[in-house]
1. Show me the three semi-axes of the equivalent ellipsoid for segment 84-134, from the C-alpha gyration tensor (sqrt of 5 times each eigenvalue), largest first, rounded to whole Å.
2. If contacts are Cα pairs under 8 angstrom and at least 6 residues apart, what is the relative contact order of segment 42-159 in percent?
3. Averaging over every viewing direction, what projected area does the convex hull of the Cα atoms of segment 34-121 cover, in nm²?
4. Within segment 184-217, list the residues whose amide N lies under 12 Å from a label point set 7 Å along Cα→Cβ of residue 248.
5. Quick one: length gained pulling residue 149 to residue 7 fully straight, 0.36 nm per residue minus the C-alpha distance?
6. For segment 181-246 and segment 92-146, compute the distance between their C-alpha centroids and round to whole Å.
7. State the antiparallel share, in %, of DSSP beta bridges confined to the chain, rounding to the nearest 5.
8. Could you give the angle, 0 to 90 degrees to the nearest 10, between helix 119-134's Cα long axis and the longest principal axis of the Cα atoms of the chain?
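Here, each number is a calculation from the coordinates, and none is a lab measurement. Keep in mind it's a predicted model, so treat the numbers as computed, not measured. FYI the Cβ positions are ideal-geometry reconstructions off the backbone, even for glycines, and counts take in every protein chain you see.
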Ligand code: NDP
């Protein structure tokens, strides 16, 4: 099946590890030009080296904190200067700083909102400037199951992820007339650095509560990102696709 992603330019925020890196590999395997970002230079450099060696594609990495609108503006300018266009934006960068509401500090609240929500807004605002001129583009926002269900201990994270769903739908409505398609993926419990410190007991409880009886792999999310970025889904916009093994239906 031809997904028509060859020579497309895709920017994956937080593409150095975990779900973002799995997405980067999928797009690289389809011949796209892949751009990734993250705060840690070493992991960006390692990921870029692996991607270009393994797939022989054009790849570029940026040290980037998505919560900085100033850095974001500069990176998009550089992407356009280097590649001439941006076809696909994947707003994937995210962090957790869990605590119960009573104990949550201002900093824990603000850091998670700044990265997981404001970062999506800053990147979207820049990407659509260029996509509008091209009258084409795809934006995929990585939200979370807890943005739909809520989760004790994650007031900051679940609020940011719920807001990303609202932002996804609003962007889809504002941009539909310019042929810019905007959707979100809501992963359930995926095996990455973000979830690796949970106790065996908690992981077993999670598995027991998932109808498909396993945690998700980063590739389970990457496959759906590829599908949503492809021309197979040009009539889907403003949707949230749950990828959670049936954990929430
Ligand atoms: P990881 O912690 O494995 O990777 C996070 C990535 O985001 C890294 O590349 C990290 O690089 C980057 N990142 C973090 N903060 C910033 C920032 N301020 N600016 C730019 N890049 C940043 O997480 P996952 O792969 O698990 O998560 C990816 C997305 O999926 C997140 O949005 C997460 O909320 C979401 N998700 C994950 C689930 C899971 O179970 N794993 C479930 C539901 C949603 P660096 O640290 O170098 O900045």
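1. Details: eigenvalues 200, 17, 7 Å².
Ellipsoid half-lengths, sorted descending, are 32, 9, 6 Å.
2. Details: 133 pairs, mean separation 36.4, N = 118.
Relative contact order here is 31 percent.
3. On the way: hull surface 26.9 nm².
Approximately 6.7 nm², given one-decimal rounding.
4. Once the point is set 7 Å along Cα→Cβ of residue 248, 186-189 turn out to lie under 12 Å by backbone N, inside segment 184-217.
5. Value of the extension gain: 47.3 nm.
6. 17 Å
7. Values: 0 of 29 bridges.
Looking only at bridges with both residues in the chain, the antiparallel portion is about 0 percent.
8. In the chain, helix 119-134 runs at an angle near 30 degrees to the longest axis.
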